[in-house]
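Written below as structure tokens is the structure these notes are about.
The values are calculated or read from the model by the stated rules, or taken from the named source; none is laboratory data. Keep in mind that what you see is a predicted model, and the values were worked out from it rather than measured. For neighbour counting, all protein chains shown are included, and Cβ atoms are generated from backbone atoms with ideal geometry for every residue, glycine included.
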């Protein structure tokens, strides 16, 4: 799997973001460098991808940094009423082996001072999922999540993949774990927190044609109530064909995974998978992923649901695409729904000239539109192999802000924000990084954009602060 590498950094003070003619102009405060626990060697490969904000100026961001011994450690940066606090070095549950490192996989802040961070840690024999919780402004020690009863008693290799919280103390996590009977297999799990108590994880039930080792994967989950969610991913059947799946939680009960039908030009060995999902308040959702056509081309696809009923997926039509566009979704916040049937998704593809470009595809009133190429400023070469669209936020239907990156004339990755007004995308300004930094590098970028209104957004990510060093950044937009 390609490591998400992006280029979006921060914003130039006073830069106008909305296209000419928009009702409100959006200006950008200077980027703030996010501190790391001392001593440190910077972010691990620029990895600071998960942000959640409960309100303007109350956010938390998590990723991985390299500590004193060059071990991968979890970090949480958080702000209270617009002031960034002392960074938190994540403390995993007892039995943690520091040399094996920790990986952070999600952040959710349903209310001010109450957040949940998701990760996985290693003991001497196992890899296990855990959460670290902020309660009334105080971060707690990490707590292990209880895997399904079929999990291995030793030698377990479990990965937390995604987290969402619909309200304080009501959250959902999805991921994968290993079983040894009847054969070693990778399976999916879902686990729910109800009124502050994490239940035992439930094993994903797959269709009857699943392979003995289905290599199941759940990539993301979205919920619109404490007991109603949609998770997406993939599994392998007995013929070694990968299928894109959706699994629904209905009134607290997880259903059997649904294989979502593919476009008519799909290969018999389509290798289909969903990597992202977003849902509106009424439970209408959009899932995005990729599949192989009969010619072997990797194309993006999107599937839509209305109140729980999923339709066959649609191919996203890419403009001026190469014979094989090698489409990619970065898997963070590249899909969002402002309301039922009105969603936006974005990613990357290869054009006919052999250049990597970003793309947006809008769903308007339930109808998928032809994709638009990420607009780039004058002088840009292309989005680049590590550029394109990674994060989108839509405070209202047809009005969105997206984090993206491109290669400039000096062959350096530069950050920019793209904006949408009335369903038309335009290039926003390139952004000015903290200090004397000039590039986000191949491993940095804007990972998250979260907007509360058309003129109030929080942006976070990472940038290249030295020859081999990456640090995090954050900024808040202002009218």
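Residues that are part of a loop (DSSP other than H, G, I, E, B) and more than 19 Å from residue 368 (Cβ to Cβ) within segment 386-397 comprise 386, 387, listed in sequence order.
Condition (residue is modelled with pLDDT under 95 and within 24 Å of the chain's Cα centre (by Cα)) applied to segment 58-80: is it met by at least one residue? For segment 58-80, residues modelled with pLDDT under 95 and within 24 Å of the chain's Cα centre (by Cα): absent. Suppose the filter is under 24 Å from residue 346 (Cα atoms) and either at pLDDT below 95 or assigned by TED's automatic domain parsing to the domain that holds residue 75 (or both); does residue 9 pass it? Yes: the conditions hold for residue 9. From 125, 131, grab the single residue that is farther than 23 Å from residue 473 by Cα and in contact (Cβ under 8 Å) with a residue 60 or more places away in the chain. Residue meeting the stated conditions: 131.
Evaluate segment 100-115: report whether one residue or more is over 23 Å from residue 164 (Cα atoms) and not in a loop (DSSP other than H, G, I, E, B). Show your work before the answer.
Let us first name the residues in segment 100-115 that are over 23 Å from residue 164 (Cα atoms), namely 100-101.
Those still in the list that are not in a loop (DSSP other than H, G, I, E, B) too: 100.
Within segment 100-115, one or more residues are over 23 Å from residue 164 (Cα atoms) and not in a loop (DSSP other than H, G, I, E, B).
Report, by residue number, each residue of segment 363-385 that is part of a loop (DSSP other than H, G, I, E, B) and out of contact with any strand residue (DSSP E or B) (no Cβ under 8 Å at 6 or more places or on another chain). Within segment 363-385, 378, 379 meet the criteria.
Considering each of 342, 324 in turn, give the residue that is closer than 21 Å to residue 397 by Cα and surrounded by fewer than 23 Cβ atoms within 10 Å (Cβ to Cβ).
Values: 324 fails: closer than 21 Å to residue 397 by Cα.
One residue alone meets the criteria, 342.
Restricted to strands (runs of 3 or more DSSP E) entirely inside segment 180-238, no element has at least 1 residues that are more than 24 Å from the chain's Cα centre (by Cα), on the phi < 0 side of the Ramachandran plot and modelled with pLDDT under 95. Please specify each residue of segment 443-462 satisfying the condition of being under 14 Å from residue 402 (Cβ atoms) and not in a strand (DSSP E or B). Hit for segment 443-462 is 454, nothing else. In summary, strands (runs of 3 or more DSSP E) completely within segment 398-442 and bearing 3 or more residues that are surrounded by fewer than 20 Cβ atoms within 10 Å (Cβ to Cβ), more than 21 Å from the chain's Cα centre (by Cα) and touching a residue at least 40 places away in the same chain (Cβ under 8 Å) occur at 424-430. Condition check for residue 271 on (1) crowded, with 24+ Cβ neighbours inside 10 Å; (2) at positive phi: one failure, at (1).
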